[in-house]
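Here the structure comes first, spelled out in structure tokens, and everything after it is commentary.
The values are calculated or read from the model by the stated rules, or taken from the named source; none is laboratory data. Everything numeric here is computed off the predicted structure, so don't read it as measured data. Note that we place each Cβ from the backbone using ideal geometry, even for glycine, and neighbour counts take in every protein chain shown. What goes into the accessible areas is simple: the full protein's heavy atoms, side chains included, and nothing from ligands, DNA or RNA. Shrake-Rupley method; radii C 1.70, N 1.55, O 1.52, S 1.80 Å.
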Amino acid sequence: MDYYNKIKNKIIDNEMYSKIKDYPKERHKVITYFEIRKLLNKAGGKYGDNIIDEYSKRLVKEVGKKYNKRTLFRMKQFYNIFSITKVSTMWTQLTWSHLRLLFNLDYDSINYYIQISINNHITVRELEHKIKSNEFERLPYETRNKLKTNDKIKAKDFVPNPILIKNKNNIEIVTEKILQKLIMEDDENFMKELDNSFSFIGSEYKIKIGDRNNYIDLLLFNIKYNCFVVVELKVTEFKVEYIAQVQKYMNYIDKNIKEVTHDNTIGILICKKENKFVIEYCPDERIAVREYKLV
């Protein structure tokens, strides 16, 4: 088989296709690059490991500069990763620009970013930010296990730990009011940090219990899981009484605000430092306890 000319023809076909198509052209490029690497693999087995050097020099002269050694090497990385059965076949729905960001990650991370990129229509820039912020590594260990075994996911499972909160002015002394202000200054980023399915209801949300007014730091709603979300902010290490406060607010929302069509309210307790030993003796499956980190 003339591997070189077969590769060259696929590249020329892809160049022509990209000029006349719009939406499907990225998928065509992804499939073409995958097939080219398969041919490179076979050619290398027959003609030796230097085949990428040889073919890239010829392709640069005959087709274009972008088909250099680096591009062919990326195709090689691409095939080596995405021909493995451990990786979701949904990668064919992503663009080449998305896929290139995944080359140096492990299989579990790749599968996670493929899923969220497709399900949440994430742009290349957003995906790059998620990878750089180690979003997958910040998922709770239990959540990562659920993703591996396809167990049922709950609304609080994707809330990362720590939660990254932007601190544009590098404020050193942080109170609960300041922490709330930092969140509200970039509430869209905070929602994305939690998960794309969260939406904002209000801050300092007033509720009346008995004859006293109480204020929920943040009240959210999770569209995907159809439930209200109580968020409480603490700038100290986790304490047992924090759980009781969140439970009180959750119970109020369930009794007075949520509709019969809504699922039960969940809670997110954000604190400076979690204490796993204390949390172990006062767990509530409805509440996610997470640390925050100012960035």
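Observations, loosely collected:
- Ellipticity at 222 nm from helices only: DSSP H runs of n ≥ 4 in the chain, each -39500 (n - 2.57), divided by the residue count, give -15000 deg cm²/dmol.
- Label zone at His129 (point 7 Å along Cα-to-Cβ), backbone N below 13 Å, segment 173-188: 186-188
- Here r is the Cβ-Cβ distance between Lys57 and Gln115 and R0 is 45 Å; the resulting FRET efficiency, rounded to 0.05, is 0.70.
- Probe 1.4 Å, all protein chains present, accessible-area order of Thr85, Thr149, Thr236, Thr143, largest first: Thr85, Thr149, Thr236, Thr143
- Degrees separating the helix 51-62 axis from the principal Cα axis of the chain, which is the longest one: 80
- Whole-percent carbon and sulfur share, accessible surface of the chain, 1.4 Å: 49
- Remark: segment 178-185, residue by residue, has Karplus-estimated 3J(HN,Hα) of 5, 4, 5, 5, 4, 5, 6, 5 Hz, where x stands for each Gly or Pro and the curve is 6.51 cos²θ - 1.76 cosθ + 1.60 at θ = phi - 60°.
- Net charge dipole size for segment 58-205 [Lys, Arg +1 and Asp, Glu -1 on Cβ; Debye, nearest 20]: 1180
- Each of Phe78, Phe34, Phe73 has its accessible area taken with a 1.4 Å probe; listed largest first, they run Phe73, Phe34, Phe78.
- Taking amide hydrogens as placed 1.01 Å from N in the peptide plane, the amide H of Ala288 sits under 5 Å from those of Gly267, Ile268, Leu269, each at least 5 positions away in sequence or on another chain.
- Computed on the Cα atoms alone, the convex hull of segment 73-194 gives a volume of 128 cubic angstrom per residue.
- Counted without the sites themselves, the longest stretch of the chain free of GluC sites (Glu not before Pro) in a DSSP loop having at most 14 other beta carbon atoms within 10 Å is 1-136.
- Within segment 111-166, the trypsin sites (Lys or Arg not before Pro) that combine a DSSP coil assignment with at most 12 other C-beta atoms in a 10 angstrom radius are Lys152.
- Heavy-atom accessible area with a 1.4 Å probe sorts Tyr107, Tyr3, largest first, into Tyr107, Tyr3.
- Dipole magnitude for the chain: about 1520 debye, using +1 per Lys or Arg Cβ and -1 per Asp or Glu Cβ, origin at the Cα centre.
- Normalised convex hull volume, the chain, alpha-carbon set, Å³ per residue: 175
- Spatially near lysine pairs across segment 140-183, Cα under 13 Å, sequence gap of 8 or more or different chains: 4
- Under the combined filter of DSSP loop state and at most 12 neighbouring Cβ atoms within 10 Å, segment 41-110 retains these trypsin sites (Lys or Arg not before Pro): Lys65, Lys66, Lys86.
- Stretched out straight at 0.36 nm per residue, the stretch from Met90 to Lys181 would grow longer than its current Cα-Cα span by 28.8 nm.
- Share of Cα-Cα pairs in segment 164-263 lying beyond 16 Å, as whole percent: 61
- Accessible area of segment 162-285 divided out per residue, in Å², using a probe of 1.4 angstrom: 56
- The magnitude of the dipole of segment 161-243, with charges of +1 and -1 set on the Cβ of Lys/Arg and Asp/Glu and taken from the Cα centre, is near 140 debye.
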